[in-house]
Structures are given as C-alpha cells and as structure tokens.
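Single-structure report; data block below.
Each reported figure results from applying straightforward, stated rules to the coordinates on display, with no laboratory input. This structure is a prediction, so every number in the text was calculated from the model and none was measured. Because the Cβ atoms are built from the backbone with ideal geometry, glycine has one as well, and the counts that use them run over all protein chains shown.
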Amino acid sequence: MVTGGLGYIGSHTVVELLQAGFNVIIADNLSNADIFILSRIQEITKREPVFLEIDLCDYEATQTIFQQYKIDAVIHFAALKSVSESVANPLFYYQNNLGSLMNVLLSMKKYRVRNIVFSSSATVYGEPDKLPVTENSPFKKALSAYGSTKQMGEEILESSAANGFADIIVLRYFNPVGAHESALIGELPRGIPNNLMPFITQTGVGKREKLTVFGDDYNTADGTCIRDFIHVVDLAKAHVLATERLLNRKYESAFEIFNLGTGNGFSVMQLINAFQRVTGTTLNYQIGGRRAGDIECIYADASKANRILKWKAELGLDEMIRSAWKWENSI
Ligand code: UD1
C-alpha cells in the first residue's frame with residue numbers, strides 16, 4: 001500500500017513499483033493531488049493500481065483497507081508538507097501528519113502487517129554543525145510544525161520497532177526535483193510554489209513574473225544557500241529497494257535510516273544558471289532578503305544508502321532541470 005500515492009514522490013514511486021512487478025494499492029485523500037495522475041500512471045506502466053480515496057485520519061476507514069486487502073508492506077508518503085502553512089496552523093499539521101501515521105501503525109499492528117517505509121526529510125537535521133550530514137548527525141530543534149512532525153514521526157516509528165511489531169526503514173530526502181521522463185507525471189504545486197524548482201520553471205514559462213532569490217549574503221561561495229537536489233525518479237527507485245529489503249528480511253535492525261541525496265551541494269544561483277543554460281531560457285529574477293528559517297548549506301552523506309541499500313543517485317542536475325522543464329511545458 002502506498003499512502004499519498006498520487007502525490008509528487010508517491011506517484012513516481014508507484015510507477016517504479018508497478019514496473020518492478022509489485023501490485024499496488026494507493027490510498028490518497030486527494031487533498032494535495034489530482035485524480036488525473038492515476039490515469040497517467042496507468043498510461044506509463046500499462047498496469048492498474050487499486051485506488052482508494054481515503055483519509056487516513058479516519059481510523060475506521062484506515063482499518064477497512066487492512067481488512068479488505070492483504071498488505072505486505074506500506075510506504076507512507078501521505079502528509080502535509082508546507083513549512084509556512086504549518087507555522088500558520090501547527091495543530092492542523094500535528095493532527096494530520098501524526099494522526100494518519102498513528103492510524104496506519106495501529107492498523108498494521110492489529111492486522112499483523114510488519115513492513116513500513118517512511119518519508120522523512122533532511123529538515124530533521126536543521127542547521128548542521130558538520131557537512132555532509134550523516135544519518136548520525138543530531139536532530140536540531142525544528143523551526144516549524146512540519147519539521148516537528150517528521151522528527152516526531154521518526155520517534156513514533158522507532159518506538160514501534162522497539163515494541164517489536166514493525167520493521168521500519170526511514171528515508172530522509174534532501175531536495176527532490178525533476179519529473180518522470182515521459183512528462184506524464186511531475187510536481188503539481190497548488191497556488192504559488194514554496195519550493196525553488198517549481199518557482200523557477202513557472203517563471204520560465206511565464207506563469208510567474210519574477211523569481212526572488214532569498215538572500216545572497218550567506219557564507220557560501222556566491223552568497224546563496226546550498227542544497228542537495230535529487231531527481232525524484234532516483235528517489236522513487238530507493239523506495240523499491242527499501243521495500244524489497246524489508247520483504248526479503250535483509251535488514252540489520254528493525255529500524256533503519258537512510259539519507260537520500262546525491263552528496264553534491266549546488267547553490268540557488270548555480271541552479272538558476274544551470275536552468276538558463278540547459279533550457280536556453282532567460283530567467284527573470286531579483287535578489288531579495290533572506291527567508292525566515294532557511295538553512296545556509298546542507299548536503300547528504302549518502303554513502304550508507306550506496307553501501308547497504310545498493311542505491312545511488314544516477315541522474316545529474318541537467319537531467320533534473322530538463323525533466324522538470326519538459327513537465328512544466330506539458331501542463
Ligand atoms: C523546504 C523545507 C523543507 C522541506 C522541503 C520539501 C523550508 C525552510 N524547508 O526545503 O522542510 O522538507 O522544502 O521539499 O521551507 N528559494 C529562493 N526562492 C524561492 C524559493 C526558494 O531563493 O522562490 C531558495 C530558498 O531560500 C532555499 C532554496 O531555494 O535556499 C531551496 O528552497 P526550497 O525549494 O523551498 O527547499 P528547502 O527550503 O531546502
């Protein structure tokens with residue numbers, strides 16, 4: 001079962017799972033996803049996942065899925081993910097992100113489903129003391145309710161593993177960008193995008209007038225923040241490997257964590273320049289003030305995933321931009 005399977009990372013993962021031969025049940029409440037993505041998944045894979053429009057905050061409805069289907073593993077993407085919205089309405093974020101996780105875990109325990117892969121985020125590291133960040137780098141105090149729900153989600157899962165009823169792989173994503181090569185699925189931000197890549201591509205096609213670079217006075221080579229951008233298809237493939245690791249009982253402990261990034265940091269200005277070079281489009285941008293809560297520089301040590309999951313990011317920055325641009329031009 002893939003919760004949030006019609007969302008951005010979820011839909012790319014469903015494609016990879018179907019192509020690897022898995023049968024997939026998607027549970028999604030469509031709160032931040034569009035139903036047309038389901039037919040796009042079918043178009044790419046020529047297979048039909050089961051689709052259930054269900055809100056996982058509804059305990060009875062969540063249990064019904066486990067009653068009706070024999071589930072081997074859960075990949076839990078379903079969550080709200082806007083930092084600014086979570087600052088404006090923190091209780092909504094705790095209720096939604098932690099409530100749905102609790103309902104999934106309680107159902108797993110009741111119906112004896114052991115395996116779960118959890119979507120976490122590099123946001124748990126906050127502003128790191130040492131770079132690159134490893135899975136052992138400490139949590140920093142979260143600056144938003146969104147960030148807290150990822151930290152608390154991991155803690156709830158660690159307790160579940162310690163309690164012996166679940167085997168868990170936590171995947172900490174760095175900055176997912178790009179789209180499927182078919183340009184049939186991709187990121188679909190509602191309203192004004194918060195994240196950099198969709199803001200760049202929307203400005204490039206003229207949906208937005210101008211991109212603002214949030215600060216050029218950071219202590220980096222060009223003064224703009226540095227991130228580890230990772231192609232969403234590479235990310236999706238890691239979920240297939242993590243699921244197989246759980247199903248084949250290959251894990252070393254019942255609670256494992258992997259960073260998913262390329263290990264390379266690129267600055268905001270480097271991404272803008274690469275976008276202009278790859279697409280031949282001139283981007284209308286201006287330098288603005290810093291955005292509250294932004295981290296100066298973060299990139300992954302992904303060697304644990306390389307070594308143990310046998311996963312490596314294969315697609316580079318140009319491919320991330322090319323696919324994101326192709327998708328933007330198709331919607
Ligand atoms: C953000 C969230 C993070 C979440 C991730 C999901 C914050 C502080 N962090 O990460 O918790 O897991 O999204 O993808 O919001 N930028 C601009 N102009 C823009 C947009 C962004 O200059 O219009 C800059 C930002 O200042 C930042 C970089 O681009 O330095 C990346 O921003 P973004 O794509 O929002 O990702 P994060 O902030 O790293």
Once both axes come from the Cα atoms, what is the angle between helix 59-68 and the longest principal axis of the chain, in degrees from 0 to 90, rounded to 10?
60 degrees
What lysines does Lys81 reach when the alpha-carbon gap must be under 18 Å and sequence neighbours fewer than 8 apart in one chain are set aside?
Lys141, Lys150
Taking only DSSP H segments of four or more residues, each worth -39500 (n - 2.57), what value at 222 nm results for the chain once the sum is divided by all its residues, to the nearest 500 deg cm²/dmol?
-11000 deg cm²/dmol
Per residue and in Å³, how big is the convex hull formed by the alpha-carbon atoms of the chain?
123 Å³
Alpha-carbon centroids, the range 210-281 and the range 64-117: separation in whole Å:
24 Å
DSSP beta bridges in the chain, what fraction antiparallel, as a percent rounded to 5?
5 percent
Quick one: helix 268-279 against the long Cα principal axis of the chain, what's the angle to the nearest 10°, folded into 0 to 90?
90 degrees
Which ³J(HN,Hα) values in Hz, rounded to whole numbers, follow from the phi angles of the range 257-264 under the Karplus curve 6.51 cos²θ - 1.76 cosθ + 1.60, where θ = phi - 60° and Gly and Pro get x?
10, 9, 6, 10, x, 8, x, 10
Charged-residue dipole, Cβ positions (Lys, Arg, Asp, Glu), the chain about Cα centre, Debye nearest 20:
400 debye
Want the number for Asp294 to Ser330: 0.36 nm per residue separation, take away the alpha-carbon distance, what's left?
9.9 nm
What lysines could a cross-link reach from Lys326, if we take a straight Cα to Cα line under 17 Å and drop same-chain neighbours fewer than 8 places away?
Lys207
Which trypsin sites (Lys or Arg not before Pro) in the range 154-232 sit in a loop by DSSP (not H, G, I, E or B) and have at most 15 other Cβ atoms within 10 Å of their own Cβ?
Arg190, Lys207, Lys210
Burial ordering of Phe255, Phe92, fewest other beta-carbon atoms within 10 Å first:
Phe92, Phe255
Relative to the longest principal axis of the C-alpha atoms of the chain, give the angle of the C-alpha long axis of helix 232-247, reported between 0 and 90° and rounded to the nearest 10°.
20 degrees
How would Cys225, Cys297 line up from fewest to most surrounding beta-carbon atoms within 10 angstrom?
Cys297, Cys225
